[in-house]
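The values are calculated or read from the model by the stated rules, or taken from the named source; none is laboratory data. In this text the structure is predicted, and so the values were computed from the model without any measurement. All Cβ positions, glycine included, derive from the backbone under ideal geometry; neighbour counts span all protein chains shown.
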Amino acid sequence: MRRATLLLILAGSGGLVMACGKSALTTPSGHSGAPAPRAATTSPLPKQRGLAFARAVNLTSADVPGFSVSPKHERGSSEEKRLEHEVLRCVGAQGSGKGLAEASSQQYELKRGIIDLGVSSEVAIAQTSALAAGELAAIRSAHVRGCFSRYLDQLFKSERFGGAIVSPVSIASGTPPAPGTAGGYGWRVTATFSVQGVKVSLYLDILGFVYGPARVTLFSSGVLRPFPAAIQQGLFSLLLFRAKAHAP
C-alpha cells in the first residue's frame, strides 16, 4: 500500500466534520510547558516557507539508527488507482483543492530475521489553519475510517499473495496527546493473511497532529508484530518538538 494514497485520502476529506473516536492508541504526552495551540491563520504561508518547515520537521536517517533507506515503490496499478477514486468519492473528497506544500521523509526499514519494520513521516501545509483543523476533524471521523477500511479490504483482495486468504481489515482509532497543537490523531490498521493455516499479521500505525496550518504524520509498520511502542513514541515526540521549534 502506498503512503501517498493514505494522505491523499485524509487530506482531501477536510470538508467532513464528524465526531471524534474513542481513544484506542497511546502515544507520549510530549514536552512539558507546551505553548497554547497556534491561532488560526486566514492567509496562506509562502510556499517556500512551508517546504522549509516540512524539511526541518521530517525524519532523517540519523533519527532511526539501524534502519536503512527502503527502495522506492513502483507506481500504482490501474486497479489501485480505480480503488483510490472510489474511496475519494466515499469520503467526499472529489474536486478538493490542493494544499500549499507537502514533503515526505525517506522510507526507512529494518529487516533482521523475523523482524520487518518500516517508518517514515510526512508534513503537509494547508492553505490556512482553519482548513488544517477541518482535515483533523475528518481524519478522526468514523465515516472516513469506514471508507478507508472498505478500500483496504478491496485493495488486498485485488492483489495476489500466493494463495493467501486475507481477513477483513480492522482499524482502531485514538487521539494521541499532542499538547500545544490543535490536536492529535491515530489509527492502527491490522490486516491478517492466512497461508496454509499459518496466520501472518501486518500492522500499520498512523499517528499525527495538526499545528497551525501544518499536518504532521508518522507512519510505522511491522510484520508479525507492531512497530516497537518505545521507538514510535520517541519519534512522535521528536516530530512534535521540531514542529514547535520551527513554527510555520
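Data for the structure
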read-out: Residue tally, condition over 15 Å from PRO65 (Cα atoms) and either aliphatic (A, V, I, L, M) or not in a loop (DSSP other than H, G, I, E, B) (or both), over the range 105-114; value: 1
read-out: Test: residue in the range 160-169 that is surrounded by fewer than 20 Cβ atoms within 10 Å (Cβ to Cβ) and either in contact with a Cys (Cβ under 9 Å, 6 or more places away or on another chain) or part of a helix (DSSP H, G or I) (or both); value: no
read-out: Some residue of the range 212-221 being out of contact with any helix residue (DSSP H, G or I) (no Cβ under 8 Å at 6 or more places or on another chain), surrounded by 20 or more Cβ atoms within 10 Å (Cβ to Cβ), closer than 24 Å to THR128 by Cα and in contact (Cβ under 8 Å) with a residue 12 or more places away in the chain; value: no
read-out: Unique residue being touching a Ser or Thr at 6+ places or on another chain (Cβ under 6 Å), over 27 Å from ARG82 (Cβ atoms) and assigned to a strand (DSSP E or B) when the list is VAL119, VAL123; value: VAL119
read-out: Of all residues in the range 172-198 being of a type in the set (A, V, I, L, M) and more than 14 Å from PRO226 (Cβ to Cβ), the one that is modelled with the lowest pLDDT; value: VAL195
read-out: Qualifying position, being aliphatic (A, V, I, L, M) and within 14 Å of the chain's Cα centre (by Cα), among LEU218, LEU240; value: LEU218
read-out: The range 203-233: number of residues that are in contact with a strand residue (DSSP E or B) (Cβ under 6 Å, 6 or more places away or on another chain), farther than 22 Å from ARG49 by Cβ and β-branched (Val, Ile, Thr); value: 2
read-out: Positions within the range 196-211 being surrounded by 22 or more Cβ atoms within 10 Å (Cβ to Cβ) and either without any contact (Cβ under 8 Å) to a residue 12 or more places away in the chain or hydrophobic (A, V, I, L, M, F, W, C) (or both), in sequence order; value: LEU204, ILE206, LEU207, PHE209, VAL210
read-out: Test: residue in the range 85-104 that is of a type in the set (Asp, Glu), over 18 Å from the mean Cα position of the chain (by Cα), surrounded by 11 or more Cβ atoms within 10 Å (Cβ to Cβ) and at pLDDT 80 or above; value: yes
